[in-house]
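Before any comments, here is the structure.
The values are calculated or read from the model by the stated rules, or taken from the named source; none is laboratory data. Predicted model only: the values in this text are computed from it and were never measured. Neighbour counts are summed over all protein chains in view; Cβ atoms, including those assigned to glycine, are modelled from backbone coordinates with ideal geometry.
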Amino acid sequence: MVKLKLLLALLLFPALTNAQERFNGTFEKLDQQGNPVGWDLTYNGKNKFEIKLDSAVKKQGKYAISISSVPGFPSGAIRFPINQSFQGRSLMLVGNIRTENVTDGFAGVWLRVEDANGNDLAFETMENQKLTGSTDWKEYMVSVKYNSDEAVKITAGAMLFGKGKIWVDSLRLYVDETQIEQATLKSAPNYPALKDKEFENGSGIDTIVTGKVQLKYLTLLGELWGFLKYHHPAIAAGERNWDAELLRVLPKVLQLTTDETASILFESWMDDLGKVPDCKDCIPTNQLKDLVVKPDYGSLLNNSTFSKSLKKKLTHLISNSNNKSHYYVDFGGGIIPAFTHEQPYTKWDYPDVGYRLLALYRYWGIIQYFSPNRKLAQDWNNTLAIFIPQIIAARNQYKYVNTLVRLVSTIRDTHAFISSNVYQHYLGRYKLPFQAKFIADQLVVTGYYKDTLNVTQQLKIGDVITSINGKTVKELVKDHVPVTSASNHPTVLRDMPGLYLLRSHEPVFKLEISRAGQFLTLNQEGPLNDKFDSYSKDWDPKPKAPGFELLSKDIGYIYCKTFKATELDQIREQFKNTTGIIIDMRNYPTDEMGYSLSTYLKPNPSPFVRFSQGSLSRPGSFRYGPPVISGSKTEDYYKGKVVVIVNEMTQSNAEFVTMAFQTAPNVKVIGSTTAGADGNIVAIPLPGGFKTFISGIGVYYPDGFNAQGTGVKIDYMVKPTLNGIKNGTDEPLEAAKRHILN
């Protein structure tokens with residue numbers, strides 16, 4: 001929360017400052033080419049929008065920057081990188097913005113904080129502030145937490161997502177309450193691990209032949225590497241570059257032929273880290289209160305390869321691990337982990353086999369010891385043995401990314417997608433310009449992304465697609481389930497069309513469809529994927545929908561995507577004589593919705609959720625935190641019926657908010673299975689510049705029911721039908737109306 005004195009300082013502070021040494025936020029200082037010093041207006045050559053230094057439209061001084069949309073491209077942004085570290089705990093970017101006809105998205109300023117490996121420590125845009133339409137100059141701000149122990153780079157910028165035009169001017173950047181020009185610099189941390197750069201140019205391992213013996217020892221190596229990484233105090237203190245230590249020991253492991261020599265090598269490797277002191281005040285894991293997930297050590301303690309002395313040392317480390325901080329994991333004073341100092345190794349799109357094994361071991365270790373939903377993963381303790389041969393055999397960058405996608409999909413987490421340009425190219429450059437969804441296990445045309453290439457004449461709403469490029473949809477679903485990251489099957493089917501079924505490396509798709517009892521075969525051309533915006537159509541189908549309205553004199557309607565807490569008094573007034581309210585949660589809600597609307601729906605504060613949190617001292621264990629409460633004591637709450645509509649588009653914060661509403665009286669949830677991915681999203685960088693994500697905290701109902709995977713509790717299951725799609729009927733909405741009026 002920004003302090004009052006800082007708000008007053010911002011109001012009184014003149015936006016136009018003198019010398020801008022660290023941040024040229026007024027765009028007044030130009031280089032020899034006439035560009036504002038320090039600003040990257042091309043965004044490393046990726047910008048397709050029109051970016052200009054504008055001397056005609058400006059807030060003050062000589063210049064502002066304008067960003068204008070260009071048809072066929074979704075966004076444009078400018079940035080100002082600052083490669084310095086500062087003393088402080090928070091960052092705030094303040095600036096003036098003017099907009100003109102901004103639609104299908106938002107405009108605003110943004111902030112990013114990165115660590116030494118290029119990983120995001122914090123990132124924030126103005127998406128939730130909903131800056132759209134045409135507005136005159138007005139001051140806005142975004143703020144993020146600042147981890148001065150890890151941060152080495154700050155990037156401030158402005159962006160336009162969607163259509164229209166924006167101008168920005170008079171930007172100021174603050175560290176805590178101090179403008180960045182006067183902020184105190186901080187020297188980078190001096191961890192010994194940072195100095196170990198032996199393997200910067202590769203592991204030196206080109207090929208690995210995996211027989212039964214090699215696979216056994218490589219599996220034990222991965223388990224032991226991950227265990228020591230998160231338990232041993234020397235690694236927690238940043239004394240060892242644990243990636244480099246893996247690549248040093250790997251050639252020796254590949255030479256092993258007997259269990260005796262394997263155990264000697266692994267024990268010597270552990271001994272080299274130093275003796276672990278006895279912990280006088282460590283509480284055994286089985287005595288921890290509110291324990292919801294117990295640690296799992298794979299086969300480390302029950303394999304036949306390790307000697308008794310090695311297993312004894314492992315057991316001692318488990319009992320005496322007492323790390324309060326960690327080089328590779330940071331909770332930042334909260335409950336959500338950040339995986340720090342994880343090198344992304346962006347030098348290669350296709351890393352050598354040593355680094356590919358490192359990617360597998362890194363991911364496995366993070367899930368094993370810091371995923372709150374590890375128990376939901378698919379046969380997780382056998383994952384290393386299954387994927388070691390696959391990751392070794394990945395002979396090019398596309399087979400490598402495919403293997404990573406398969407790996408990530410095994411944890412059954414809708415948050416666990418892969419982000420990389422290689423992956424996008426692997427998916428295919430061409431995409432069909434219509435929207436299709438699975439309705440009763442049939443792939444049905446439900447809308448159009450773009451009226452192009454004769455698509456609206458060839459395909460009609462309600463057409464059932466039975467085959468694509470010679471393969472039945474049933475076969476395609478079977479093929480793509482293992483590479484679709486989702487918490488449950490309905491969400492697999494939600495994501496599969498856009499990811500795989502409607503994409504190809506060839507521009508012409510051969511489709512077989514069923515329409516009104518007739519079977520038709522047609523060829524439909526698909527434009528390049530970056531020539532139209534399918535994301536907005538899927539995730540923001542009603543961009544201009546009001547946050548609330550009366551559907552009739554008896555029924556009020558609230559749409560989660562555009563709800564504003566500032567409209568709550570208007571909602572109270574307009575809905576005071578209604579019989580019931582429908583809250584449509586089939587999208588992503590605004591951040592303030594859960595707590596603000598709960599004060600309207602509930603007569604008393606009450607717990608609605610419990611989080612589970614991981615541990616640095618007991619990696620792999622997760623304990624319940626205190627119940628989270630919503631609502632306030634009031635007589636002026638809504639006393640009519642309330643129906644919350646959900647479906648597979650209800651994900652993450654939408655599920656969290658729905659759980660808050662379910663503790664109010666007279667609330668029923670209608671619809672179909674939600675995405676089952678609640679809890680804050682956490683990034684995991686992998687070698688090759690790939691990035692994936694997990695749900696960072698466990699989310700449970702107060703009674704202990706786990707919302708991850710299963711989704712929120714539903715009172716009445718109502719799903720769309722083929723007839724409803726053809727007739728344009730929103731069947732869950734109609735069911736909600738009937739419930740209120742009956």
So S606, is it in the same structural domain as F661 (by TED's automatic domain parsing), surrounded by fewer than 16 Cβ atoms within 10 Å (Cβ to Cβ), in contact (Cβ under 8 Å) with a residue 12 or more places away in the chain and touching a strand residue (DSSP E or B) at 6+ places or on another chain (Cβ under 7 Å): yes
So for segment 536-558 (the condition being surrounded by 14 or more Cβ atoms within 10 Å (Cβ to Cβ), touching a Gly at 6+ places or on another chain (Cβ under 6 Å) and of a type in the set (F, W, Y)), does at least one residue qualify? no
Any chance V292 is of a type in the set (V, I, T) and outside any loop (DSSP other than H, G, I, E, B): yes
Here are some residues: V492, V445. Which one is crowded, with 19+ Cβ neighbours inside 10 Å and outside any strand (DSSP E or B)? V492
It is to be established whether one or more residues within segment 627-634 are in contact (Cβ under 8 Å) with a residue 12 or more places away in the chain, out of contact with any helix residue (DSSP H, G or I) (no Cβ under 8 Å at 6 or more places or on another chain) and within 29 Å of S325 (Cβ to Cβ). yes
List the number of the failed condition for D591; all other conditions in (1) surrounded by fewer than 19 Cβ atoms within 10 Å (Cβ to Cβ); (2) touching an Asp or Glu at 6+ places or on another chain (Cβ under 6 Å) hold. (2)
Six or more apart or on different chains, Cβ under 7 Å: which pairs go from a residue in segment 697-710 that's under 22 Å from A416 (Cβ atoms) to one that's of a type in the set (D, E, K, R) and part of a strand (DSSP E or B)? Could you list them? Y700/R610
(1) in contact with a Gly (Cβ under 8 Å, 6 or more places away or on another chain); (2) part of a loop (DSSP other than H, G, I, E, B) all hold for D530 apart from (2)
Flagged in segment 500-525 as hydrophobic (A, V, I, L, M, F, W, C) and either in contact with a Gly (Cβ under 9 Å, 6 or more places away or on another chain) or within 12 Å of A436 (Cβ to Cβ) (or both), in numbering order, are L501, L502, V508, F509, L511, I513, A516
Mind checking which residues of segment 107-131 are within 20 Å of F563 (Cα to Cα), over 19 Å from the mean Cα position of the chain (by Cα) and crowded, with 19+ Cβ neighbours inside 10 Å? A107, G108, L131
Is one or more of the residues making up segment 671-689 outside any strand (DSSP E or B), surrounded by fewer than 18 Cβ atoms within 10 Å (Cβ to Cβ) and in contact with a Ser or Thr (Cβ under 8 Å, 6 or more places away or on another chain)? no
Of (1) under 20 Å from K312 (Cβ atoms); (2) surrounded by fewer than 23 Cβ atoms within 10 Å (Cβ to Cβ), L215 satisfies every one except (1)
